[in-house]
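Participant: Just dropping this structure here.
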Amino acid sequence: MEEPPDHTRLRGLVGKAFTARTITGLRARAEELVGELMTQVLAEREVDLLEALAYPVPLTLICELLGVPAEAHEQVRTMSAGIARGLDPDLLLRPQELAARTAAVHEFTEFFGDLVEQRRRSPRADLITALVQAEEAGVRLTHTELIGTLLILVVAGHETSVNLIGNGALALIRHPAEFARLRADPELAAAAVDEVLRYDPPVHLTTRTARAEITVAGRTFVPGQAVIVLLGSANRDPAAFPDPTGFDIGRYGLGRRTERHLSFGLGLHYCLGAPLARLEMREVLRAFALRVDELTLLAEPPYRPNVVVRGMSELRVRVEGR
């Protein structure tokens, strides 16, 4: 993970391309896409909600934002999955998973390297072009930095949002009173996004390395010492959250004072893609509120073996329309 001054330079450059205005401009497309997919879900009634909704929403939006051709979206999904699994510590990965990660990174580098070169020759109105052209104080992203940035945007803008949507749907299923509350007041969707992020975050842990000697909760860490930060645990800290194990979609509602969850990180490394993830989840929750009368779990969902990017491998449900 980069630190200042390199982190400041890279984030400044990327921020010029990945702006709040760009994300706001995606709202109509997100609403349209979620609406189309929800129509299909309601027609089929019994679906794997991950395949029918949670994967295609963030995959389509991040690919369209970047400028990836539609016929290559599934290729991007496969690469992303291999890289996301490889985010876990090496000692938890089998030899074939380590090899798959290496292969996925190589394929990603080649695939997006070709797109970058295409945009250098023929710029388009997409994020890859914006990153190629991003400039601050006369400094541009190097090719390695550009590919690394795209890798982070794809994995963070896709895999984590899949889990966020899946986890949110499961939470509503397991808390029918809260789902009824959302249907009665669809405007709660925005607040519900933050409660899903707190209650069952798509990323359960991250790592940090001490840059100077620091004491936290009576424990002293020396420079270079690494720690694992359990985001999922922090988000249920009873010292910070009343009823921390409860699921309350109005917890972050207007006028209610609630401690900030840590699912997007904090400070310098706060998630750059947070506005996109919020947009996607909000539109999905609004669609549930306006168009779904009942969600029924058909089987206990299995989970992927991933530790860092945590989520289900399948979510079989029956969906009844309103």
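The values are calculated or read from the model by the stated rules, or taken from the named source; none is laboratory data. The shown structure was predicted, so the numbers you read here are calculated from the model rather than taken from an experiment. Reconstructed Cβ throughout: ideal geometry from the backbone, glycine too, with neighbour counts over all protein chains shown.
Participant: Inspect all residues belonging to the stretch 148-166 and state whether any of them is more than 24 Å from residue 194 (Cβ to Cβ), touching a helix residue (DSSP H, G or I) at 6+ places or on another chain (Cβ under 7 Å) and surrounded by fewer than 20 Cβ atoms within 10 Å (Cβ to Cβ).
Facilitator: Checking the stretch 148-166: at least one residue is more than 24 Å from residue 194 (Cβ to Cβ), touching a helix residue (DSSP H, G or I) at 6+ places or on another chain (Cβ under 7 Å) and surrounded by fewer than 20 Cβ atoms within 10 Å (Cβ to Cβ).
Participant: Which residue pairs have Cβ atoms under 7 Å apart, sit 6 or more places apart or on different chains, and have a first residue in the stretch 94-110 that is in a helix (DSSP H, G or I) and a second that is surrounded by fewer than 17 Cβ atoms within 10 Å (Cβ to Cβ)?
Facilitator: Correct list of pairs: 98/90.
Participant: Going through the stretch 250-261 one residue at a time, which ones are modelled with pLDDT of 85 or more and either among the small types (Gly, Ala, Ser) or in contact with a Gly (Cβ under 9 Å, 6 or more places away or on another chain) (or both)?
Facilitator: Listed by number, the list holds a single entry, 250.
Participant: Restricting attention to the stretch 215-259, and to residues there that are over 28 Å from residue 309 (Cβ atoms) and hydrophobic (A, V, I, L, M, F, W, C), which single residue is nearest to the chain's Cα centre (by Cα)?
Facilitator: 254
Participant: In addition: Is there a residue being surrounded by fewer than 16 Cβ atoms within 10 Å (Cβ to Cβ), touching a residue at least 60 places away in the same chain (Cβ under 8 Å) and not hydroxyl-bearing (Ser, Thr, Tyr) anywhere in the stretch 213-227?
Facilitator: Checking the stretch 213-227: not a single residue is surrounded by fewer than 16 Cβ atoms within 10 Å (Cβ to Cβ), touching a residue at least 60 places away in the same chain (Cβ under 8 Å) and not hydroxyl-bearing (Ser, Thr, Tyr).
Participant: Please work out if residue 290 is in contact (Cβ under 8 Å) with a residue 24 or more places away in the chain and in a helix (DSSP H, G or I).
Facilitator: yes
Participant: Take the residues in the stretch 260-270 that are surrounded by fewer than 18 Cβ atoms within 10 Å (Cβ to Cβ) and of a type outside the set (Ser, Thr, Tyr); name whichever of them is nearest to the chain's Cα centre (by Cα).
Facilitator: 265
Participant: I want to confirm something. Restricting to the stretch 199-212 and keeping residues that are part of a loop (DSSP other than H, G, I, E, B) and crowded, with 18+ Cβ neighbours inside 10 Å, which single residue is modelled with the lowest pLDDT? Walk me through it before giving the result.
Facilitator: First pass over the stretch 199-212, keeping only residues part of a loop (DSSP other than H, G, I, E, B): 200-202, 204, 210-212.
Next, from what is left, pick out any that are crowded, with 18+ Cβ neighbours inside 10 Å: 200-202, 204.
On the way: 200: 96, 201: 95, 202: 93, 204: 88.
Ranking the qualifying residues of the stretch 199-212, first place goes to 204.
Participant: Oh, and also: Quick check: is even one residue across the stretch 30-37 at pLDDT 90 or above and not in a helix (DSSP H, G or I)?
Facilitator: Looking through the stretch 30-37, none of the residues is at pLDDT 90 or above and not in a helix (DSSP H, G or I).
Participant: Another question about this same structure. Output the residues belonging to the stretch 54-93 that are farther than 16 Å from residue 310 by Cβ, among the aliphatic types (A, V, I, L, M) and assigned to a loop (DSSP other than H, G, I, E, B).
Facilitator: 68
Participant: Residue by residue through the stretch 171-198, note down the ones that are assigned to a loop (DSSP other than H, G, I, E, B) and either surrounded by fewer than 17 Cβ atoms within 10 Å (Cβ to Cβ) or within 17 Å of the chain's Cα centre (by Cα) (or both).
Facilitator: Of the stretch 171-198, the ones assigned to a loop (DSSP other than H, G, I, E, B) are 175, 185.
Correct list: 185 only.
Participant: What residue, among those in the stretch 19-29 that are in a helix (DSSP H, G or I), surrounded by 12 or more Cβ atoms within 10 Å (Cβ to Cβ) and of a type outside the set (D, E, K, R), is nearest to the chain's Cα centre (by Cα)?
Facilitator: Looking only at the stretch 19-29, we keep the residues that are in a helix (DSSP H, G or I), and these are 20-24, 27-29.
Add one more test, that the residue is surrounded by 12 or more Cβ atoms within 10 Å (Cβ to Cβ), and what stays is 22-23, 27, 29.
Subsequent filtering for residues that are of a type outside the set (D, E, K, R) retains 22-23.
Working: 22: 17, 23: 14 Å.
Residue satisfying both the conditions and the ranking: 23.
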